[in-house]
Ligand code: URA
């Protein structure tokens with residue numbers, strides 16, 4: 001949560017009073033004077049003290065195992081959304097999915113009401129790695145591995161960053177692979193294979209940055225991030 005918003009809501013200050021607290025160096029984060037009112041903080045990760053008072057945040061971070069058939073959106077006229085999978089007691093007005101999985105893609109999706117964290121995780125300069133397991137409708141070869149490592153070129157000329165393709169199983173009829181990409185273009189994985197003349201028939205996201213899809217998290221279920229998982233995201237709190 002942004003420090004300025006936290007101070008205004010918890011201490012009921014006016015905007016002017018809040019700004020004055022920064023000017024007077026009465027705001028500290030982890031024992032250091034903080035001058036940036038827009039700093040993103042969470043009291044599970046940061047010790048936030050303002051004018052002698054320790055402030056608590058109350059933000060949520062859910063790890064969802066997205067099923068097929070639901071759209072990654074806050075609302076949709078025709079389809080169920082990932083927000084519909086969240087129990088009413090866990091809902092927050094600002095809860096939203098970080099990034100996007102296609103309707104037929106399954107797997108790891110982070111939802112949070114910390115908008116700043118979601119925004120920062122998606123910044124291209126962060127190059128947050130995402131690993132997908134994909135089933136492809138034909139033989140995936142070492143040539144593909146090579147092409148992916150150099151940067152696949154989409155039909156239309158857009159060049160992808162180098163990506164790591166690992167073949168888990170390969171046959172003429174279907175191959176299973178794991179692909180790690182460091183960017184997030186629209187339909188990226190499907191388009192990378194299409195550029196090599198192959199079709200992805202099943203796609204599951206396994207990781208995003210330091211987060212991994214837990215083996216025991218059933219499809220359509222979610223849970224809060226553990227403190228350890230949240231700590232691994234600390235470097236993205238700016
Ligand atoms: N790439 C895709 O093609 N689809 C997804 O859902 C995610 C990455």
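The values are calculated or read from the model by the stated rules, or taken from the named source; none is laboratory data. The shown structure was predicted, so the numbers you read here are calculated from the model rather than taken from an experiment. Cβ placement follows ideal geometry from the backbone for every residue including glycine, while neighbour counts extend to all protein chains displayed.
Is it the case, given these coordinates, that residue 102 is assigned to a loop (DSSP other than H, G, I, E, B), over 19 Å from the mean Cα position of the chain (by Cα) and in the same structural domain as residue 231 (by TED's automatic domain parsing)?
Answer is no for this residue.
For the structure I just gave you, tell me whether residue 168 is touching a strand residue (DSSP E or B) at 6+ places or on another chain (Cβ under 8 Å) and within 12 Å of the ligand (Cβ to nearest atom).
No; evaluated as a whole, the condition is false for this residue.
Can you find a residue that is buried (at least 16 other Cβ atoms within 10 Å of the Cβ) and closer than 18 Å to residue 227 by Cα anywhere in the range 17-32?
No, that holds for no residue.
Would you point out the residue of the range 185-209, among those that are within 16 Å of residue 126 (Cβ to Cβ) and surrounded by 15 or more Cβ atoms within 10 Å (Cβ to Cβ), that is farthest from the ligand (Cβ to nearest atom)?
In this case the residue turns out to be 209.
Does the range 145-157 include one or more residues that are crowded, with 16+ Cβ neighbours inside 10 Å and over 27 Å from the mean Cα position of the chain (by Cα)?
No: the range 145-157 contains no residue that is crowded, with 16+ Cβ neighbours inside 10 Å and over 27 Å from the mean Cα position of the chain (by Cα).
Closer than 24 Å to residue 202 by Cβ, surrounded by 14 or more Cβ atoms within 10 Å (Cβ to Cβ) and at pLDDT 95 or above: which single residue out of 115, 99 fits that description?
Among 115, 99, only 99 is closer than 24 Å to residue 202 by Cβ, surrounded by 14 or more Cβ atoms within 10 Å (Cβ to Cβ) and at pLDDT 95 or above.
Do the conditions hold for residue 74, that is, is it free of Cβ contacts under 8 Å to residues at least 60 places away in the same chain, within 16 Å of the ligand (Cβ to nearest atom), within 20 Å of the chain's Cα centre (by Cα) and part of a loop (DSSP other than H, G, I, E, B)?
no
Take residue 176 and tell me if it is surrounded by 15 or more Cβ atoms within 10 Å (Cβ to Cβ) and either farther than 23 Å from residue 119 by Cα or more than 12 Å from the ligand (Cβ to nearest atom) (or both).
Spelling it out, residue 176 is indeed surrounded by 15 or more Cβ atoms within 10 Å (Cβ to Cβ) and either farther than 23 Å from residue 119 by Cα or more than 12 Å from the ligand (Cβ to nearest atom) (or both).
Looking at the range 121-130 only, could you name the residues that are within 16 Å of the ligand (Cβ to nearest atom) and either within 12 Å of the chain's Cα centre (by Cα) or buried (at least 21 other Cβ atoms within 10 Å of the Cβ) (or both)?
Result: 121, 122, 127, 128, 129, 130.
Report, by residue number, each residue of the range 205-228 that is more than 16 Å from the chain's Cα centre (by Cα) and in contact (Cβ under 8 Å) with a residue 40 or more places away in the chain.
217, 218, 219, 220, 221, 227, listed by residue number.
Quick check on my filter: what residues within the range 86-120 are within 15 Å of the ligand (Cβ to nearest atom) and in contact with a helix residue (DSSP H, G or I) (Cβ under 7 Å, 6 or more places away or on another chain)?
Hits for the range 86-120 are 97, 98, 109.
So which of 51, 73, 134 ends up being more than 23 Å from residue 229 (Cβ to Cβ) and crowded, with 21+ Cβ neighbours inside 10 Å?
134
Just to check your reading of the model, which residue among 20, 15 is without any contact (Cβ under 8 Å) to a residue 12 or more places away in the chain and in contact with a helix residue (DSSP H, G or I) (Cβ under 8 Å, 6 or more places away or on another chain)?
That would be 15, the only listed residue that is without any contact (Cβ under 8 Å) to a residue 12 or more places away in the chain and in contact with a helix residue (DSSP H, G or I) (Cβ under 8 Å, 6 or more places away or on another chain).
Every residue in the range 41-62 that is part of a strand (DSSP E or B) and in contact with a strand residue (DSSP E or B) (Cβ under 6 Å, 6 or more places away or on another chain), please.
48, 49, 50, 61, 62
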